[in-house]
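**Student:** The following block contains the structure, expressed as structure tokens.
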Amino acid sequence: MSKNKFISVLIVAAVLLPFVSSLLNFYTEWLFFVETGFSSVFTTTLYAKAGVGLFFGLALFTGVMINVLYANTRRFPYSGITIVGGGNFRVQRDDAIRLVKPLALLVTGALSLFAGNWGAQRWEEVLLFTNRVNVGSVDPVLGKDVGFYLFCLPFLELLKGFVGFVLLVAVVITALVYYVRGGIILTERSASIDVAVRRHCALLVGVFACAVAAGFYLDSFGLLFSGNSAFYGAGYSDVNSRMLTYRVLTFLTPPAGALLAIGIWKGAWRPALLPPLVIVGLYVIGIQIYPGVLQKFKVAPNELALETPYIENNISFTRFGYDLEKIETIPFDVDTKLTAADIAANDATIKNIRLWDHAPLLKTYSQLQQIRTYYKFFDVDNDRYKVNGQYTQVMLSPRELSYADLPSKNWINERLIFTHGNGITFGPVSRISKEGLPEFFVKDIPPVSLADIKVTRPEIYFGELSNDYVVVKTKVPEFSYPTATGNINTTYSGTGGVPIHSLFRKALFAGTFQTEKILLSSDITAESRILYNRNINQRVRAIAPFLRFDTDPYMVVDGSGRLKWIIDAYTYSDRLPYSRPLQGGINYMRNSVKATVDAYDGTVNFYTSDPNDVLLKVYARMFPGIFKPLSAMPADLRTHVRYPHQFLQLQATMFAAYHMTDPKVFYNKENLWQVPSLGEKPMEPYYTIMKLPGEKVEEYILLLPFTPSKRDNLSAWLTARCDGENYGKIRAYTFPRDRLIYGPKQIDARINQDSFISQQLTLWNQRGSEVIRGSMLVIPIEKSLLYVQPLFLAADKAGLPELKRVIVAFGDQVVMEDNLEVALQRLFGGKKTAAAAAAPTELPDVKTSPAALAKEAMSVYEKATALQRQGNWAGYGEELRKLEQILKRMAR
């Protein structure tokens with residue numbers, strides 16, 4: 001093969017390979033959407049991309065070529081081209097024309113492809129515009145429905161930017177054509193422009209002036225997204241100076257552009273420049289100079305009076321943007337009158353106080369239940385179940401396969417044999433063994449259940465650690481789990497994945513995943529299936545890229561014992577006027593969707609959790625049938641839906657300031673809150689089971705306390721309800737402002753100042769152990785607050801964390817004991833309560849042998865221990881008093 005032919009082959013390959021790769025990926029994606037049952041989403045998106053891309057590509061091509069073709073029809077009396085700086089270099093007109101026509105067409109075509117690709121990426125904005133709905137509320141400044149800002153304004157700004165780009169391209173290419181054809185002559189001293197060129201330029205200037213006017217019109221809406229130090233959105237200066245100026249510029253710019261175009265048409269350059277200079281001057285004065293003067297000399301001295309209506313707008317729209325309007329504020333008159341009877345009456349709350357922190361528990365699970373090095377616990381999730389008939393808060397962690405830790409890495413091991421994780425580790429949040437380790441409801445491989453929660457399908461083919469693809473139903477048995485006598489194998493029996501029953505399918509996936517082994521492997525049969533997009537986060541994003549998904553999916557055991565993932569999804573926008581944005585610009589967000597993924601077959605479903613969300617309504621119109629009502633979710637999954645802690649954290653950040661609905665209070669920041677911090681990080685919301693004030697039964701809630709800004713005492717606590725019909729309801733319980741309620745940092749300081757506790761911590765640290773202080777939990781019970789913090793000990797940073805002590809604070813008392821029950825007994829066991837108002841029965845003072853007394857003491861002790869395990873604090877205290885009397889008699 002000659003050198004030239006070889007180069008030609010390389011060029012063809014370089015052009016074709018990206019195209020072939022894109023075609024393979026396209027068909028692979030189509031098969032994925034067919035497998036998951038969302039082919040309509042794929043086709044809708046495809047048609048939208050193709051249609052929008054074609055529209056913008058053709059629009060640019062048409063707009064530019066009209067000008068280019070017109071320029072090519074003009075004839076000029078010059079014989080060549082003069083280049084600035086030299087007059088000896090000449091190109092004949094015919095040669096130049098032969099070059100300029102195909103070059104202009106080629107450049108315009110390339111730019112049209114670029115515009116088409118750019119437009120295809122804006123398919124979502126176009127579909128939001130074409131499927132828009134009215135929100136039903138209007139902005140108070142311009143009177144536009146909020147839907148205009150969410151759906152129309154982004155599209156109009158898109159068009160404005162595109163028109164400006166088309167005009168720019170048309171001017172540049174047309175000017176080059178005219179230059180080549182002799183319509184524009186450049187010399188060392190001046191430039192000569194033909195009359196036909198000048199008139200063409202005048203028309204383009206007129207069109208450009210209309211585009212600029214449209215830009216000024218849209219910029220007036222953009223003022224509602226401006227920010228200043230006091231609040232977000234248009235203020236007094238914006239409305240009374242900038243907005244008025246933009247409206248004036250909108251009406252003056254077209255006639256100014258027309259006058260400029262007429263001047264260019266007639267060749268009267270100097271008079272023609274006056275109108276544009278007036279527009280520029282008006283812009284500088286009305287947008288830049290006058291607002292600053294107005295702000296400094298009128299607004300600043302009277303800021304509260306003048307800005308009050310605009311602060312009200314900011315408060316109202318920010319509360320709407322983050323769904324803060326639904327938060328019910330309730331006074332919480334806290335006291336310190338908690339008794340042992342109250343503790344006993346709130347037994348379910350006490351038993352479900354989370355002692356096991358996520359990070360220490362993850363290390364403990366990894367060392368106790370990982371079983372093999374190639375298994376890994378990636379995260380620990382918090383949920384609630386009916387365990388043996390009791391409503392119980394649990395910690396659950398899936399045992400996934402870690403491909404990075406496989407002992408032997410090769411294609412057969414990674415793709416055919418080691419295909420899935422296996423089972424879960426599942427236990428209560430508060431129970432501790434004698435060794436300071438967690439107790440389990442479900443453990444080991446295969447899953448061993450110590451309660452009435454059964455896992456019947458433990459294989460995890462779709463998870464958070466899954467690799468990109470595996471092939472199942474091959475001639476090679478899949479590894480299931482190890483035993484003492486050998487490995488147990490399995491064969492996939494699910495419906496997930498895409499069949500690879502033909503040579504074409506093998507070649508397709510071999511090209512997609514860039515490995516010839518899929519094509520050449522004799523282990524792959526006509527029954528084989530390929531599972532891809534196995535990472536659950538990537539899987540749901542591939543189907544619904546317009547949603548934002550929570551970074552903390554959690555696993556659920558359904559009623560039949562299958563493992564399912566639940567992922568919270570959010571609609572969002574950065575186009576809500578007056579709403580204060582987050583970092584990144586988002587100022588509207590709703591947790592409107594719950595996605596579920598079957599860990600065995602990858603089945604995906606999307607359920608609507610907020611049917612009132614206006615963005616979700618539009619997406620449902622864009623993709624009919626993709627969202628199911630929450631009532632369609634199986635009941636055994638619906639009982640595990642929870643309010644996302646990340647979303648409540650976001651809402652709490654905003655509610656800290658926007659609970660103040662009075663503009664004066666908001667402006668002065670008289671009651672500004674903050675999320676308390678322990679160390680460098682602010683506290684995170686935590687799940688617990690408790691009885692809310694005024695309610696009769698315990699429920700699963702999400703809780704987060706507040707402190708006043710730059711203060712450590714508590715000011716309120718925020719709770720989101722998760723169960724049944726109360727799902728999504730949020731309450732803010734506010735403390736009286738006339739008394740001190742200890743905050744987490746103040747309790748932490750009291751713990752550090754306790755001589756006994758500080759000595760113990762110092763002693764443990766000196767012995768080489770690492771003391772890990774768990775999360776500080778604030779637990780409301782009746783009208784009082786308990787503060788609970790677990791202490792973990794580990795031999796070193798890589799050691800096994802053991803829960804050794806529990807610190808409980810109430811009022812001015814702080815105690816540290818081996819477990820929560822003993823700590824509560826120390827705090828409340830000695831108090832007379834309604835349940836134990838009668839004095840303990842005195843034992844008869846009779847002569848008894850020491851052996852008999854010892855036997856009696858042992859009997860009382862065993863009964864007390866049994867009552868302690870049952871959580872019967874009143875009975876436990878009674879038996880301790882009996883034991884004390886027996887010991888006194890033995891000491892006589």
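**Student:** Sort out which residues of region 616-633 are closer than 15 Å to S39 by Cα and either part of a strand (DSSP E or B) or in contact with a His (Cβ under 8 Å, 6 or more places away or on another chain) (or both), and write them in order of number.
**Tutor:** Scanning region 616-633 gives a single hit, F627.
**Student:** OK, next. Looking at A196, is it more than 38 Å from the chain's Cα centre (by Cα), farther than 26 Å from R580 by Cβ and of a type in the set (G, A, S)?
**Tutor:** yes
**Student:** So, V197, is that one assigned to a helix (DSSP H, G or I) and either basic (K, R) or open to solvent by less than 30 Å² (accessible area, probe 1.4 Å) (or both) or not?
**Tutor:** It is true that V197 is assigned to a helix (DSSP H, G or I) and either basic (K, R) or open to solvent by less than 30 Å² (accessible area, probe 1.4 Å) (or both).
**Student:** Moving on to the next point. Within the set of pairs 6 or more residues apart or between chains, which connect a residue that is free of Cβ contacts under 8 Å to residues at least 60 places away in the same chain and farther than 9 Å from V64 by Cα inside region 166-189 to a residue that is of a type outside the set (A, V, I, L, M) and surrounded by 22 or more Cβ atoms within 10 Å (Cβ to Cβ) with Cβ atoms less than 6 Å apart?
**Tutor:** Final answer for the pair search is I184/Y178.
**Student:** So, in region 264-290, how many residues would count as being farther than 22 Å from A214 by Cβ and either in contact with a Gly (Cβ under 6 Å, 6 or more places away or on another chain) or at pLDDT 90 or above (or both)?
**Tutor:** Within region 264-290, residues that are farther than 22 Å from A214 by Cβ and either in contact with a Gly (Cβ under 6 Å, 6 or more places away or on another chain) or at pLDDT 90 or above (or both) number 3.
**Student:** Which residues, taken from region 597-606, are open to solvent by 10 Å² or more (accessible area, probe 1.4 Å) and in contact with a helix residue (DSSP H, G or I) (Cβ under 9 Å, 6 or more places away or on another chain)?
**Tutor:** Across region 597-606, the qualifying residues are T603, N605.
**Student:** Further, regarding this structure: Would you be able to tell me the number of residues in region 474-491 that are surrounded by 12 or more Cβ atoms within 10 Å (Cβ to Cβ), farther than 17 Å from S528 by Cβ and of a type outside the set (F, W, Y)?
**Tutor:** 3
**Student:** Now a separate question. With respect to the numbered conditions (1) open to solvent by less than 60 Å² (accessible area, probe 1.4 Å); (2) hydroxyl-bearing (S, T, Y); (3) in a helix (DSSP H, G or I), which one is the sole condition not fulfilled by S192?
**Tutor:** (3)
**Student:** I've got another one for you. Quickly run through region 304-356 and pick out the residues that are basic (K, R) and open to solvent by less than 20 Å² (accessible area, probe 1.4 Å).
**Tutor:** Hit for region 304-356 is R354, nothing else.
**Student:** Test each condition in (1) surrounded by fewer than 21 Cβ atoms within 10 Å (Cβ to Cβ); (2) modelled with pLDDT of 95 or more for S592 and report the one that comes out false.
**Tutor:** Answer for S592: the failing condition is (1).
**Student:** While we're here: Looking only at region 358-367, decide whether some residue is more than 30 Å from L786 (Cα to Cα) and surrounded by 17 or more Cβ atoms within 10 Å (Cβ to Cβ).
**Tutor:** Yes, because at least one residue in region 358-367 is more than 30 Å from L786 (Cα to Cα) and surrounded by 17 or more Cβ atoms within 10 Å (Cβ to Cβ).
**Student:** Quick test for you: out of T364, T419, pick the one residue that is in a helix (DSSP H, G or I) and under 20 Å from M555 (Cα atoms).
**Tutor:** Selected residue: T364, the only one of T364, T419 that is in a helix (DSSP H, G or I) and under 20 Å from M555 (Cα atoms).
**Student:** Now a separate question. Condition check: within 25 Å of Y700 (Cβ to Cβ), open to solvent by 40 Å² or more (accessible area, probe 1.4 Å), within 29 Å of the chain's Cα centre (by Cα) and of a type in the set (F, W, Y). Does F426 satisfy that?
**Tutor:** no
**Student:** Could you list, in sequence order, the residues of region 753-780 that are of a type in the set (A, V, I, L, M, F, W, C) and either over 34 Å from the mean Cα position of the chain (by Cα) or exposed (fewer than 13 other Cβ atoms within 10 Å of the Cβ) (or both)?
**Tutor:** Of everything in region 753-780, those that are of a type in the set (A, V, I, L, M, F, W, C) and either over 34 Å from the mean Cα position of the chain (by Cα) or exposed (fewer than 13 other Cβ atoms within 10 Å of the Cβ) (or both) turn out to be F756, I757, L761, L763, W764.
**Student:** Residues that are over 27 Å from E124 (Cβ atoms) and among the basic types (K, R): which helices (runs of 4 or more DSSP H) entirely in region 486-596 hold 1 or more of them?
**Tutor:** 503-512, 517-520
Yes/no per residue for (1) buried (at least 19 other Cβ atoms within 10 Å of the Cβ); (2) over 28 Å from D383 (Cβ atoms); (3) among the aromatic types (F, W, Y):
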| residue | (1), (2), (3) |
| --- | --- |
| K696 | no, no, no |
| Y727 | no, no, yes |
| A732 | yes, no, no |
| Y742 | yes, yes, yes |
| I751 | yes, yes, no |
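**Student:** Does S579 qualify as being of a type in the set (S, T, Y), in contact (Cβ under 8 Å) with a residue 24 or more places away in the chain and crowded, with 21+ Cβ neighbours inside 10 Å?
**Tutor:** Against the criterion (of a type in the set (S, T, Y), in contact (Cβ under 8 Å) with a residue 24 or more places away in the chain and crowded, with 21+ Cβ neighbours inside 10 Å), S579 qualifies.
**Student:** Taking region 799-815, which residues are of a type in the set (A, V, I, L, M) and closer than 17 Å to Q746 by Cβ?
**Tutor:** I807, V808, A809, V814, V815
**Student:** Answer yes or no as to whether S241 is under 41 Å from the mean Cα position of the chain (by Cα), surrounded by fewer than 19 Cβ atoms within 10 Å (Cβ to Cβ) and not hydrophobic (A, V, I, L, M, F, W, C).
**Tutor:** The answer is no for S241.
**Student:** While we're looking at this one, here's another question. All but one of (1) surrounded by fewer than 20 Cβ atoms within 10 Å (Cβ to Cβ); (2) at pLDDT 90 or above hold for S226, so report the exception by its number.
**Tutor:** So the condition that S226 fails would be (2).
**Student:** G161 fails exactly one of the following numbered conditions: (1) crowded, with 17+ Cβ neighbours inside 10 Å; (2) at pLDDT 85 or above. What is the number of that condition?
**Tutor:** Tallying (1) crowded, with 17+ Cβ neighbours inside 10 Å; (2) at pLDDT 85 or above, G161 fails exactly one: (1).
**Student:** Separate question: In region 516-541, how many are surrounded by fewer than 19 Cβ atoms within 10 Å (Cβ to Cβ), out of contact with any Pro (no Cβ under 9 Å at 6 or more places or on another chain) and under 27 Å from S39 (Cβ atoms)?
**Tutor:** Qualifying residue count for the region: 5.
**Student:** Still on this model: When only residues in region 640-652 that are assigned to a helix (DSSP H, G or I) and either free of Cβ contacts under 8 Å to residues at least 60 places away in the same chain or among the aromatic types (F, W, Y) (or both) count, which is surrounded by the fewest Cβ atoms within 10 Å (Cβ to Cβ)?
**Tutor:** In this case the residue turns out to be Q649.
**Student:** Out of all the residues in region 728-735, is one or more touching a Lys or Arg at 6+ places or on another chain (Cβ under 8 Å) and not in a strand (DSSP E or B)?
**Tutor:** There is at least one residue in region 728-735 that is touching a Lys or Arg at 6+ places or on another chain (Cβ under 8 Å) and not in a strand (DSSP E or B).
**Student:** Now, a different point. Residue check: is Y178 over 22 Å from P276 (Cα atoms) and of a type in the set (S, T, Y)?
**Tutor:** Answer is yes for this residue.
**Student:** Looking at region 382-389, is at least one residue part of a strand (DSSP E or B), in contact with a helix residue (DSSP H, G or I) (Cβ under 6 Å, 6 or more places away or on another chain) and open to solvent by less than 50 Å² (accessible area, probe 1.4 Å)?
**Tutor:** No.
**Student:** Count, please, the residues in region 244-269 that happen to be farther than 22 Å from L576 by Cα, open to solvent by 20 Å² or more (accessible area, probe 1.4 Å), assigned to a helix (DSSP H, G or I) and without any contact (Cβ under 8 Å) to a residue 40 or more places away in the chain.
**Tutor:** Number of matching residues: 8.
**Student:** Within the bounds of region 162-171, is there any residue that is under 19 Å from Y283 (Cβ atoms) and assigned to a helix (DSSP H, G or I)?
**Tutor:** Within region 162-171, one or more residues are under 19 Å from Y283 (Cβ atoms) and assigned to a helix (DSSP H, G or I).
**Student:** Kindly indicate whether any position in region 712-725 is at pLDDT below 90 and over 27 Å from V815 (Cα atoms).
**Tutor:** So far as region 712-725 goes, no, none of its residues is at pLDDT below 90 and over 27 Å from V815 (Cα atoms).
**Student:** Considering L406, L401, L396, which residue is without any contact (Cβ under 8 Å) to a residue 40 or more places away in the chain, open to solvent by less than 40 Å² (accessible area, probe 1.4 Å) and under 29 Å from H358 (Cα atoms)?
**Tutor:** Result of the check over L406, L401, L396: L406.
The values are calculated or read from the model by the stated rules, or taken from the named source; none is laboratory data. Keep in mind the model is a prediction, meaning the values are calculated, not measured. Neighbour counts run over all protein chains shown; Cβ positions are idealised from the backbone, glycine included. Surface accessibility is based on the protein's heavy atoms, side chains included, excluding ligands, DNA and RNA. Shrake-Rupley method; radii C 1.70, N 1.55, O 1.52, S 1.80 Å.
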